[in-house]
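**Student:** Structure in structure tokens, see below.
The values are calculated or read from the model by the stated rules, or taken from the named source; none is laboratory data. For clarity, every value in this text was computed on a predicted model and none was experimentally measured. Cβ atoms come from the backbone with ideal geometry, glycine included; neighbour counts cover every protein chain shown. Protein only, heavy atoms only, side chains kept; ligands, DNA and RNA dropped before computing areas. Shrake-Rupley method; radii C 1.70, N 1.55, O 1.52, S 1.80 Å.
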Amino acid sequence: MRTATRAAPLLMKPTERIEPDGGEPALPAFWSPRDPAEQPLLALKDARDLHRSRKEYRFGRLALATVGLTLLSLAACLLIAMGSQSLECWLNPRTSSFCHQPPTSSSKQDITISPDIDQVWAIDIADERAAHAARALLKEPDSLSEVNPPLDFWNTPVAGAPLLVRVRPTQKASLISTLQAQNLTFSVAISDVPAAARAQLIPAPPTVGPAAGGKNSTAALPKKLAAHFRRYQPAAAVRGFLQLLAAEFPGVAEVERVGKTAEGRTIEALRIRVRGDADSITAAAVAPAAGSETKREIVLMAGMHAREWIGPAVVQYVAASLLAKYEVRKKAKRVLDAFDFVVLPVANVDGYVYSHEVDRLWRKNRQHNEGTTCVGVDMDRNWDTYFGGAGSSANPCSESFRGKSPFSTPEAKAISTYLRKKAANIVSLIDFHAFSQLWMYPSGGDCDKSVSKPVQLGAKEAVKAIKSVYGKKFGIGTVCDLVYASSGASIDWASEEAKIPFAYSVELRDRGRHGFLLPTKHILPSGEEAFEAVLAVADFILSQN
């Protein structure tokens with residue numbers, strides 16, 4: 001077949017038209033032979049070849065048309081199956097499997113939803129109407145089970161801020177329908193949760209944070225200590241770091257045993273104590289004869305919720321800074337001379353281990369619950385003050401399961417017993433969580449209750465100190481006002497049961513861009529901010545007495 005003959009006129013000059021036998025239409029003769037006697041035969045041959053080419057061309061066009069109609073039919077079927085999904089959405093090359101355009105003209109971006117991977121969605125809470133509609137989403141269905149887990153909300157609906165929710169593949173279609181029904185829009189905040197979790201394993205560059213001195217730092221941590229904060233450390237490394245501090249600062253830092261976890265691991269705290277008449281940290285070591293001296297105490301606690309990795313990292317940084325900067329920061333020396341510090345980095349050791357080894361976003365402890373395969377209790381709903389009230393759940397499969405009774409978790413029971421023994425001397429307990437950048441005071445269980453003016457002023461001093469470091473803004477207020485009711489929490493117990501005057505719950509960085517999956521580059525800056533805040537609170541307490 002001479003398919004090239006249709007392009008040939010660009011290169012060859014036609015001569016005359018030949019009328020072939022059989023009444024076929026006249027066709028051009030594409031070239032003139034040298035021998036005129038051969039011309040009629042060659043022209044006839046060319047005409048027949050070209051006629052055959054035209055028939056094959058018509059067949060090819062028919063075949064292409066058939067394929068095109070088939071594809072259009074398939075597209076039509078797909079559009080019908082997708083319901084409200086538009087052809088424009090379906091053709092969008094950014095869409096991996098299917099896409100969703102929220103039912104409002106105010107949507108500002110395309111939404112790429114992967115059907116087979118966990119994602120974090122940001123539900124737009126533009127006003128109080130949207131906040132009210134979103135609060136209905138937080139109500140847990142009665143059908144919760146291990147195979148039908150609840151939606152994992154990362155924060156609470158507040159007008160003007162997005163509501164973050166981790167969505168599993170099996171939950172996506174249902175949640176889209178619910179949001180459409182409530183006229184709520186959303187965007188994908190974290191498109192690939194496993195990838196974001198893997199990114200947290202990448203160490204931060206050594207120049208991030210205090211390595212550059214920080215705005216308020218007069219000295220960086222020693223390299224031996226600073227290297228620990230380039231990554232999120234597993235439980236064994238946290239325990240090793242406490243032992244390292246005790247070895248580096250003998251007579252000043254000491255590891256204390258708090259109790260045992262549900263799986264038999266040890267909960268440990270670091271006690272920091274100096275004599276108040278020394279010029280150096282070495283000279284400040286408590287001599288045996290001075291061991292009976294009674295000093296007021298400040299307790300720093302973190303890791304109640306396993307997935308909040310920034311909390312344990314930050315309180316370790318504060319402990320290391322108190323010791324390393326005693327000789328170079330007047331405020332640090334003044335505070336350590338006046339107070340003992342008890343630093344408990346990981347309250348929920350079992351859950352913390354599980355979040356590192358199995359499920360990065362695990363929240364509860366790891367004790368087994370009778371009559372169900374759902375594991376774990378929310379330790380910060382298991383304290384006996386306001387136990388069983390709003391903000392906690394009786395369903396063992398809930399992320400906020402309070403347990404069968406107050407202090408039914410061995411961890412909360414051990415920590416409360418440890419603190420109760422020294423409660424008369426404790427002037428402040430600060431419980432670090434993540435995320436949202438909030439410095440909160442009681443109450444979480446009684447939303448009509450207020451705290452004293454000094455407690456509020458102490459919080460203001462803390463957030464002012466935080467802002468002075470890197471300009472980060474933290475909100476101030478009660479737990480009820482800033483987040484949600486949370487009955488059975490540690491700070492309500494500290495304030496009302498243990499009578500600790502300055503009890504705070506802190507939500508660290510960030511405000512939702514990364515949530516619980518905060519990159520490692522934030523560890524050192526967050527540590528600096530927390531260190532300045534703790535110094536500010538301690539200094540304020542000193543000014544009140």
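**Student:** Whenever you get a sec, compute what percent of the accessible area on segment 301-360 sits on carbon and sulfur atoms (1.4 Å probe). Write down the numbers at each step before the final one.
**Tutor:** Values: 580 of 1290 Å².
C and S atoms contribute 45 percent here.
**Student:** How large is ³J(HN,Hα), in whole Hz, for each residue of segment 482-488 in order, when computed from phi with the Karplus curve 6.51 cos²θ - 1.76 cosθ + 1.60 and θ = phi - 60°, using x for Gly and Pro?
**Tutor:** Karplus values, whole Hz, x for Gly and Pro: 8, 10, 6, 5, 9, 5, x.
**Student:** Now a separate question. Where the centroid of each part is defined by its Cα atoms, how far is segment 346-417 from segment 151-205 in Å?
**Tutor:** When both Cα centres are located, 23 Å separates them.
**Student:** Any idea of the accessible area per residue across segment 383-440, 1.4 Å probe, to the nearest Å²?
**Tutor:** Each residue of segment 383-440 exposes 33 Å² on average to a 1.4 Å probe.
**Student:** Please give me the summed charge of the neighbours of R239: other residues whose Cβ is under 13 Å from its Cβ, Lys and Arg +1, Asp and Glu -1. Before the final figure, lay out each step's value.
**Tutor:** Values: positive: R257, R265; negative: E256, E268.
Neighbour charge sum, excluding R239 itself: 0.
**Student:** Over all pairs of distinct alpha carbons, what does the Kirkwood formula give as the hydrodynamic radius of segment 354-413, in Å? Mind dumping the intermediate values first?
**Tutor:** Values: mean 1/r = 0.0864 Å⁻¹.
When all Cα pairs of segment 354-413 are included, the Kirkwood radius is 11.6 Å.
**Student:** Taking the alpha-carbon set of segment 451-527, what are its Rg and Dmax in Å?
**Tutor:** For segment 451-527, the Cα-based Rg and Dmax read 14.0, 38 Å.
**Student:** Also: Based on the Cβ-Cβ distance from A283 to S174, what FRET efficiency comes out when R0 is 60 Å, to the nearest 0.05?
**Tutor:** On the way: r = 65 Å, r/R0 = 1.08.
Plugging the Cβ-Cβ distance into 1/(1 + (r/R0)^6) gives 0.40.
**Student:** Show which lysines lie in cross-link reach of K172 when reach means a straight Cα distance below 23 angstrom and same-chain residues fewer than eight apart are skipped.
**Tutor:** Reachable lysines: K108, K139.
**Student:** With the crude spin-label approximation of a point 7 Å out along Cα→Cβ, what separation in nm comes out for R334 versus L138?
**Tutor:** It is 4.0 nm.
**Student:** Find the relative contact order for segment 365-433 and round it to a whole percent, using C-alpha pairs within less than 8 Å whose residues are 6+ positions apart. Numbers along the way, then the final one.
**Tutor:** On the way: 82 pairs, mean separation 17.4, N = 69.
Relative contact order here is 25 percent.
**Student:** Please list Y484, Y418 in order of solvent-accessible area, largest first, computed with a 1.4 Å probe with all protein chains present. Intermediate results must be reported in sequence, preceding the final value.
**Tutor:** Values: Y484 85, Y418 25 Å².
From most exposed to least exposed: Y484, Y418.
**Student:** Going by the alpha-carbon gyration tensor, a ≥ b ≥ c the square roots of its eigenvalues, is segment 123-206 rounded (a/c under 1.5) or, if a/c is not under 1.5, prolate (a/b greater than b/c) versus oblate? Don't skip to the answer; put the middle values down first.
**Tutor:** Values: a/c = 2.20, a/b = 1.38, b/c = 1.59.
Oblate.
**Student:** A follow-up question, please. Using only the alpha-carbon atoms of segment 229-386 as identical scatterers, what base-10 log of I(q)/I(0) does the Debye formula give at q = 0.18 Å⁻¹?
**Tutor:** -1.04
**Student:** Å³ per residue of the Cα convex hull, for segment 320-466? Intermediate results must be reported in sequence, preceding the final value.
**Tutor:** On the way: hull volume 21.9 nm³, N = 147.
Convex hull volume per residue, Cα atoms: 149 Å³.
**Student:** Considering only protein heavy atoms, with the full assembly of protein chains and a 1.4 angstrom probe, order D337, D378 by accessible area, largest first.
**Tutor:** From most accessible down to least: D337, D378.
**Student:** Continuing with this model, one more query. May I ask what percent, to the nearest 5, of DSSP beta bridges between residues of segment 270-403 are antiparallel?
**Tutor:** Working: 4 of 11 bridges.
Among the beta bridges of segment 270-403, antiparallel pairing accounts for roughly 35 percent.
**Student:** Check segment 397-526 and count each lysine pair with an alpha-carbon distance under 13 angstrom, considering only pairs eight or more places apart or from different chains. The partial results should precede the final answer.
**Tutor:** Details: K413/K421; K421/K499; K422/K499; K460/K473; K464/K472; K464/K473.
So the count works out to 6.
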